[in-house]
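**Student:** Would you mind keeping the following structure in view while I ask a few things?
The values are calculated or read from the model by the stated rules, or taken from the named source; none is laboratory data. Quick caveat, the model's predicted, so the values are computed rather than measured. With ideal geometry, Cβ positions are generated from the backbone for all residues, glycine too; neighbour counts draw on all protein chains shown. Accessible surface areas use protein heavy atoms only, side chains included; no ligands, DNA or RNA. Shrake-Rupley method; radii C 1.70, N 1.55, O 1.52, S 1.80 Å.
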Amino acid sequence: MSTSTGSGRGTGKGRRTGTGLKDPSLRRSVALFRAFLHEQEDPEACYSLLARDAVDQVEAYDGPVKGRTVVDVGGGGGWFTEEFRRRGAYAYLFEPDVQELGEKPPEGAVVADGYLLPLADGVADVCFSSNVLEHVADPQTFLSEMVRVTKPGGLIYVSFTNWLSPWGGHEWAPWHYFGAERARARYRRRTGKDAKHTLGENLFAVHIGTTLRQVRERDDVTVVSARSRYWPFLAETVAKAPGLREFATWNLLLILRRYP
């Protein structure tokens, strides 16, 4: 597969972004990690920072989003949709879980399954999905639907937490290394409540090597970049090392471009 980024578009490498944080950099990684640590008590600060950072990444690879159509698939409470809109994009949220939308979802949010988006072919300049792939039972069908709704030459942004990442078990990580049921039982003992995620129901073991191989076998997209989303240095290099990448990448970011 080619790794061309397209004429006039950014490479996404070493750019100082609208957050004021160079990507990748240790300072950026620390800022994001600190925000994650306070997710429960201050979700607005956490997710607004993550949204700004993600849209910065989209613009680094594809230029300004102003005036462009963005489809946010599985965007939960709409943090990403709202950030795209703040930068002048025509952004639309499609979320299958009403509870995830929260009390004040973005105007025009649609309850829809990512496997079957209520959109015509090729309507999006950018199709965006942040940390959703590990929550779907059939990642390849999910990706195919994202590709379908993207215009020829359009950008597809997909990030996911790989299973062997230290965060692979989500709220019961890193104890997932000792088995999902043990990890869930420990979470229940420690917190007095059941974990939100159950392996095989709403959390699935997605692996980087398998995902990259399947994506590279496709004839409708080219891989612009496969990199760690949060790693502070050598973000693309760590994702190229078989075995090591399954643990060290933490979260894989795939930047794809739809073939014209």
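**Student:** Using alpha carbon centroids, what distance separates the range 219-253 and the range 146-207, in Å?
**Tutor:** Using only Cα atoms to place each centre, the spacing works out to 17 Å.
**Student:** Can you tell me what the convex hull of the Cα atoms of the range 93-149 projects to on average, as an area in nm²?
**Tutor:** Approximately 4.1 nm², given one-decimal rounding.
**Student:** Given H placed on each backbone N at 1.01 Å, which residues far from Val221 in sequence or on other chains put an amide H within less than 5 Å of it?
**Tutor:** Tyr259
**Student:** So if I place +1 on the C-beta of Lys and Arg and -1 on the C-beta of Asp and Glu, and nothing else carries charge, what would the dipole magnitude of the range 100-166 be about its Cα centre? I want it in debye, nearest 20.
**Tutor:** Using Cβ point charges on Lys, Arg, Asp and Glu, the range 100-166 gives about 180 debye.
**Student:** Roughly how big is the chain's charge dipole about its Cα centre, with Cβ charges of +1 (Lys, Arg) and -1 (Asp, Glu), in debye to the nearest 20?
**Tutor:** With Lys and Arg at +1 and Asp and Glu at -1, about 1040 debye.
**Student:** Hydropathy at least 0.5 by Kyte-Doolittle, axial extent at least 15 angstrom from the Cα trace: which helices of the chain, defined as entire DSSP H runs, fit?
**Tutor:** Span-like helices here: 26-37.
**Student:** Which is farthest toward the positive dipole end of the chain among Ala241, Leu32, Trp167, measuring Cα position about the Cα centre, with Cβ charges +1 (Lys, Arg) and -1 (Asp, Glu)?
**Tutor:** Ala241
**Student:** At 222 nm, what helix-only mean residue ellipticity would the chain give, in deg cm²/dmol to the nearest 500, using -39500 (n - 2.57) for each DSSP H run of four or more?
**Tutor:** About -9000 deg cm²/dmol.
**Student:** In debye, nearest 20, what is the charge dipole magnitude of the range 119-232 about its Cα centre with +1 on Lys and Arg Cβ and -1 on Asp and Glu Cβ, if you could check? Don't skip to the answer; put the middle values down first.
**Tutor:** Values: 15 positive and 12 negative charges, 146 e Å.
About 700 debye.
**Student:** Of the options Ser130, Gln99, Leu254, report the single residue whose Cα projects farthest towards the positive end of the charge dipole of the chain (beta-carbon charges: Lys, Arg +1; Asp, Glu -1).
**Tutor:** Selected residue: Leu254.
**Student:** Kindly count the pairs of lysines across the chain whose alpha carbons are less than 22 Å apart, treating pairs on different chains or eight or more residues apart as eligible. Can you show the working numbers first?
**Tutor:** Values: Lys13/Lys22; Lys13/Lys66; Lys13/Lys240; Lys22/Lys66; Lys22/Lys240; Lys66/Lys151; Lys104/Lys196.
Pairs that pass both the separation and distance tests number 7.
**Student:** For the chain, give me the percentage of DSSP beta bridges that are antiparallel, rounded to the nearest 5 percent. Mind showing how you got there, number by number?
**Tutor:** Working: 15 of 32 bridges.
Just about 45 percent of them are antiparallel.
**Student:** Let me ask something else. What is the chain's relative contact order, in percent, from Cα pairs under 8 angstrom and six or more apart in sequence?
**Tutor:** 18
**Student:** Ok, one more. Within the range 114-256, what whole-number % of the accessible surface is contributed by carbon and sulfur, with the 1.4 Å probe and all protein chains included in the calculation?
**Tutor:** Values: 3540 of 6070 Å².
Result for the range 114-256: 58 percent of the exposed heavy-atom area is carbon or sulfur.
**Student:** Packing-wise, with mean Cβ within 10 Å as the measure, how do 77-84, 170-177, 210-217 rank, highest first?
**Tutor:** So the order, starting with the most tightly packed, is 77-84, 170-177, 210-217.
**Student:** How large, in Å, is the chain by the Kirkwood hydrodynamic radius built from its alpha-carbon pairs?
**Tutor:** 18.6
**Student:** On to the next question. What whole-number value in Å² describes the accessible area per residue of the chain for a 1.4 Å probe?
**Tutor:** Working: 12360 Å² over 260 residues.
Counting only protein heavy atoms, the per-residue value for the chain is 48 Å².
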